[in-house]
Amino acid sequence: MLKAIILIGGPQKGTRFRPLSFEVPKPLFPVAGVPMLQHHIEACAQVPDMKEIILIGFYQPNDELNRFISSAQQEFKIPIRYLQEFAALGTGGGIYHFRDQILSGGPAAFFLMNADVCSEFPLQEMLRFHRQHGENHCGVLLGTTANRTQSLNYGCIVENHETNEVLHFVEKPSTFVSDIINCGIYLFTPDIFGHIGTVFQRNQQERIQEELTNGKQMPEVIRLEQDIFTTLAGQKKLFVYKTQYFWSQIKSAGSAIYASRLYLKQYHQTHPERLATNQDGTPKIIGDVYIHPTANIDPSAVLGANVSIGKGVTIGGGVRVRESIVLHGAVLQDHCCVLNSIVGWDSTVGKWARVEGTPSDPNPNDPYAKIDSETLFRDGGLTPSITILGCNVNIPSEVIIRNSIVLPHKDLNRSFQNQIIL
């Protein structure tokens, strides 16, 4: 018997996914036409003997989350429930806090994954790899190869090339350690809780000492990467399974467009029915495009490559959309152009307007390149990136919005470039 745990986090203070996360929890943001989290759940549901999927985070339960869980349970025929942390407890603290719930029913092992990654999720391959390595270890980490420079932005894994044992683990090192990076997807046996418990007890003693000495309360955070993996590496307790499939983080809105491209490409094998095709009386399709069945699109529009059109979207004649996500209820009026952008819920782009961003894709000439973590500002100005329109934004006719972030409920009256419009 197996279980799967998905860490969905909670409301973030950072701005890299704003203004989109104002309207919907980030794990429910649509990527390639379906909520980001649905890709994880679908992969988990396909693993034989999977009994339950548990979501752990510190979002307040809300209608959006409840509706998603209810529809996912019906679609994938598997129990799914949400456990709310009282505060952000870290990647290890959350599962330790709910360890009794996770271990109820006596699972032999459980998958643990972060919600903000996109992947082909080779879970069944990880399970086979886990069983081939006997019963003495307590975890398998999914790893992939990055280039030397970008590896410094991730957890780096040094492995024994013959046995795949994790010999050394460093989270975001300052100098090069290894080109194998941690993907944030794991398979653990219940033994992992013994190791987390040791760290928990040590932290409790340190917290009490800190409170007595300085009167400060230390947070009850346990991080798998810094607190657990670094200790267990080299003890024959952790192994790494390296995937050749695609993998990327979804930390920013720009990376959501890149993730959408990866998933749309995967649909050729997994969900060809989700991909739009060229037919008489329909818009021209270039490359991989998802169109919700309720969208109303003029046949003279041109869509693609890498375009996702949401529920109830209206697209007028002569419109061009490329490398973009258009969310439900948006209206793109005649002859407007949307490139490298996310158009928010119920927003309107006027006639002959142009909404354009700068793609933040990995280097196409480097097979191991990953998407760079974007800083919002560089050299005193806004870093050129994709353009984001929050919900219910109105762009007038015949203006250009380039490399800008527009917060919700704004009526613009002129062109903007490289600005955050509050």
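The values are calculated or read from the model by the stated rules, or taken from the named source; none is laboratory data. Everything quoted here is computed from the prediction, not taken from an experiment. As a convention, Cβ positions derive from the backbone with ideal geometry for all residues, glycine included, and neighbour counts pool all protein chains shown. We work out accessible area using only protein heavy atoms, side chains counted, and drop any ligands, DNA or RNA first. Shrake-Rupley method; radii C 1.70, N 1.55, O 1.52, S 1.80 Å.
Total residues in the stretch 70-89 satisfying the condition of being under 14 Å from I56 (Cβ atoms) and either open to solvent by less than 30 Å² (accessible area, probe 1.4 Å) or more than 23 Å from the chain's Cα centre (by Cα) (or both): the figure is 4. Taken over the stretch 371-384, the residue count meeting the criterion of being in contact (Cβ under 8 Å) with a residue 60 or more places away in the chain and open to solvent by 20 Å² or more (accessible area, probe 1.4 Å) is 4. Given the structure, is H130 open to solvent by 10 Å² or more (accessible area, probe 1.4 Å) and either touching a strand residue (DSSP E or B) at 6+ places or on another chain (Cβ under 9 Å) or modelled with pLDDT of 95 or more (or both)? Yes; evaluated as a whole, the condition is true for this residue. Checking each residue in the stretch 319-361 for being of a type in the set (S, T, N, Q) and touching a strand residue (DSSP E or B) at 6+ places or on another chain (Cβ under 8 Å) picks out S324, Q333, N340, S341, S347, T348. Comparison of Y263, Y241, Y290 shows that the only residue that is under 30 Å from P384 (Cα atoms) and open to solvent by 20 Å² or more (accessible area, probe 1.4 Å) is Y290. For the stretch 15-33, a residue qualifies if it is at pLDDT 90 or above and either surrounded by fewer than 18 Cβ atoms within 10 Å (Cβ to Cβ) or of a type in the set (G, A, S) (or both), and the qualifying residues are A32, G33. Among the residues of the stretch 321-331, the ones that are assigned to a strand (DSSP E or B) and either among the small types (G, A, S) or over 27 Å from the mean Cα position of the chain (by Cα) (or both) come to 1 in all. Scanning the stretch 146-164 for residues that are open to solvent by 40 Å² or more (accessible area, probe 1.4 Å) and either part of a loop (DSSP other than H, G, I, E, B) or not hydrophobic (A, V, I, L, M, F, W, C) (or both) turns up R148, T149, N153, N160, H161, E162, T163. For the stretch 103-118, which positions are over 18 Å from L37 (Cβ atoms) and either open to solvent by less than 10 Å² (accessible area, probe 1.4 Å) or in contact (Cβ under 8 Å) with a residue 12 or more places away in the chain (or both)? L103, G105, G106, P107, A108, A109 - these are the residues of the stretch 103-118 that are over 18 Å from L37 (Cβ atoms) and either open to solvent by less than 10 Å² (accessible area, probe 1.4 Å) or in contact (Cβ under 8 Å) with a residue 12 or more places away in the chain (or both).
Summed over the stretch 346-366, the residues that are touching a residue at least 40 places away in the same chain (Cβ under 8 Å), assigned to a loop (DSSP other than H, G, I, E, B) and open to solvent by 10 Å² or more (accessible area, probe 1.4 Å) give a count of 9.
Among the numbered conditions (1) open to solvent by 10 Å² or more (accessible area, probe 1.4 Å); (2) touching a Ser or Thr at 6+ places or on another chain (Cβ under 9 Å); (3) modelled with pLDDT of 95 or more, the only one that Q12 does not meet is (3).
Rundown of residues vs (1) buried (at least 19 other Cβ atoms within 10 Å of the Cβ); (2) closer than 21 Å to D288 by Cα; (3) not acidic (D, E), yes/no style:
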site: G316; (1), (2), (3): no, yes, yes
site: Q333; (1), (2), (3): yes, no, yes
site: L339; (1), (2), (3): no, yes, yes
site: G344; (1), (2), (3): yes, yes, yes
site: V393; (1), (2), (3): yes, no, yes
site: N403; (1), (2), (3): yes, no, yes
site: S415; (1), (2), (3): no, no, yes
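Scanning the stretch 133-145 for residues that are open to solvent by 10 Å² or more (accessible area, probe 1.4 Å) and either more than 24 Å from the chain's Cα centre (by Cα) or not assigned by the TED database to the domain that holds K51 (or both) returns H133, G134, E135, N136. Restricting the search to strands (runs of 3 or more DSSP E) fully inside the stretch 165-274 and requiring at least 1 residues that are among the hydrophobic types (A, V, I, L, M, F, W, C) and in contact with an Asp or Glu (Cβ under 7 Å, 6 or more places away or on another chain) gives 166-171, 180-188, 238-242.
Summed over the stretch 296-320, residues that are part of a strand (DSSP E or B) and under 23 Å from the mean Cα position of the chain (by Cα) total 3.
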